[in-house]
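Visitor: Take a look at the following structure, please.
The values are calculated or read from the model by the stated rules, or taken from the named source; none is laboratory data. All figures in this text were calculated on a predicted structure; none of them were measured in a lab. As a convention, Cβ positions derive from the backbone with ideal geometry for all residues, glycine included, and neighbour counts pool all protein chains shown.
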């Protein structure tokens, strides 16, 4: 984000106002905008139970009604984009998480690894076996990045055939020796008849 706490706080406020609250409002499928949401937030810079250096986070309190006090909103509803019936609208928490994650990455030019995305974590926790395998294949096919954000170069290493042959020979000798030891132990062990 930024260097000083003041700069970090401003960046967090910008993220909340420009990314999170607009996505939150849109996700109710009731034609709401960011201006319709009543909220209060407090930014914290540390957590007592964590050794992690970057612990900036925000606690948000959001009203259960819009600014006009006429439209009820709840992110805990299980309805999603309903058009008929008593309850219209709904809330899709999965879509919210995906969209605010993408908004964060865009706003701060953050290059998130696939294994750190909500999509990956959600698939690995709740997906079918086929979805999990497909996600793992995607992860293996994407280039990894080191701590500096640089893509690791894949280097092909040629193995000397003599080293390979010697290693196989050593493994064969070790396994032959252990088999002989097991056989001799079993023949020397008295059996009860």
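Visitor: Would you say residue 114 is more than 25 Å from residue 61 (Cβ to Cβ), at pLDDT 90 or above and touching a helix residue (DSSP H, G or I) at 6+ places or on another chain (Cβ under 7 Å)?
Guide: yes
Visitor: So, one more: Based on what the data block shows, is residue 25 surrounded by 15 or more Cβ atoms within 10 Å (Cβ to Cβ), at pLDDT below 95 and either in contact with a helix residue (DSSP H, G or I) (Cβ under 6 Å, 6 or more places away or on another chain) or farther than 20 Å from residue 101 by Cα (or both)?
Guide: yes
Visitor: Taking the criterion of being crowded, with 16+ Cβ neighbours inside 10 Å, touching a helix residue (DSSP H, G or I) at 6+ places or on another chain (Cβ under 6 Å) and over 19 Å from residue 94 (Cα atoms), would at least one residue in region 55-70 satisfy it?
Guide: Looking for residues that are crowded, with 16+ Cβ neighbours inside 10 Å, touching a helix residue (DSSP H, G or I) at 6+ places or on another chain (Cβ under 6 Å) and over 19 Å from residue 94 (Cα atoms), one finds at least one in region 55-70, hence yes.
Visitor: While we're on this one: Looking at region 107-139 only, could you name the residues that are exposed (fewer than 11 other Cβ atoms within 10 Å of the Cβ) and more than 15 Å from the chain's Cα centre (by Cα)?
Guide: Within region 107-139, 109, 128, 129, 130, 137 qualify.
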